[in-house]
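Novice: Take a look at this one; I'll ask things after.
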Amino acid sequence: MSKAAKAGGGKVKVDGGRKKKAAAAPAAEAPAGPLILDRLWTTVMARRAADPAVSHSARLLSRGTAKVAQKFGEEAVECLIEAVAKNPNAVVSESADVLYHLIVLWVASGVEPGEVWSELARREGMSGIAEKAARALKTKKIP
């Protein structure tokens, strides 16, 4: 059993050769899912004014946007390293770190999740190639 599974007290089940911690959320907690990102953003927003000695989010935010961006980049690289190493359990863990630090970056930058969700909705159903070409046309200056 992994350290994470032991620390979390959860059972470990094997799925396709991968060990996974059984996700049994207490009834009082909201279930995991995409809305957790909105809840996390709300939590980080609430902790902006907290004491940096007791809140990791407040500590990150007190260091400024450049430092928050640097930390986000470090976490993204760690996720990439685990993906290249073909370590799916570590990719899950590092992905959670990436998403948390991205949300801290949004808070530091004054971005709300709804703005990102709207941009994703705008792009939905559009080919990535077409979307990229449309962005290039907007930024290309015509002489």
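Any read-out appearing in this document is the output of simple, stated calculations on the displayed coordinates, not a laboratory observation. Keep in mind it's a predicted model, so treat the numbers as computed, not measured. Positions of Cβ are backbone-derived with ideal geometry, glycine not excepted, and every protein chain shown enters the neighbour counts.
Novice: Tell me which aspartates and glutamates have Cα within less than 18 Å of Lys132's Cα, excluding those fewer than 8 residues away on the same chain?
Specialist: By straight Cα distance, Lys132 reaches Glu119, Glu124.
Novice: Lys/Arg Cβ at +1, Asp/Glu Cβ at -1, dipole of segment 30-139 taken about the Cα centre: which of Ser118, Thr43, Asn89 is farthest positive-ward?
Specialist: It is Ser118, whose Cα lies furthest towards the positive end.
Novice: Right, next: What FRET efficiency comes out for the pair Ile36/Ile129, r = Cβ-Cβ distance, R0 = 30 Å, nearest 0.05? List each step's numbers first, then the result.
Specialist: On the way: r = 31 Å, r/R0 = 1.04.
Here the calculated transfer efficiency is 0.45.
Novice: Taking R0 as 41 Å, what's the FRET efficiency between Ala66 and Ala96 from their Cβ-Cβ distance, rounded to 0.05?
Specialist: 0.95
Novice: Add +1 for every Lys or Arg and -1 for every Asp or Glu among the other residues with Cβ under 12 Å from the Cβ of Trp117, and state the total.
Specialist: Numbers: positive: Arg122, Arg123; negative: Asp38, Glu112, Glu115, Glu119, Glu124.
Around Trp117, the charge tally is -3.
Novice: Label-point separation (nm) for Arg122 and Asn89, each offset 7 Å from Cα along Cα-to-Cβ?
Specialist: The two pseudo-label positions are separated by 4.2 nm.
Novice: If you filter segment 67-143 for trypsin sites (Lys or Arg not before Pro), then keep DSSP loop positions with at most 13 other Cβ within 10 Å, what is left? Write down the numbers at each step before the final one.
Specialist: Values: sites: Lys67, Lys71, Lys86, Arg122, Arg123, Lys132, Arg135, Lys138, Lys140, Lys141; in loops: Lys86, Lys140, Lys141.
When the trypsin sites (Lys or Arg not before Pro) of segment 67-143 are filtered for loop state and at most 13 Cβ neighbours within 10 Å, Lys86, Lys140, Lys141 remain.
Novice: Select from segment 38-143 those GluC sites (Glu not before Pro) which occupy a DSSP coil region and have at most 16 other Cβ atoms within 10 Å, ordered by residue number. Show your work: numbers first, answer last.
Specialist: Working: sites: Glu74, Glu75, Glu78, Glu82, Glu94, Glu115, Glu119, Glu124, Glu131; in loops: Glu124.
Loop-located and lightly packed - Glu124.
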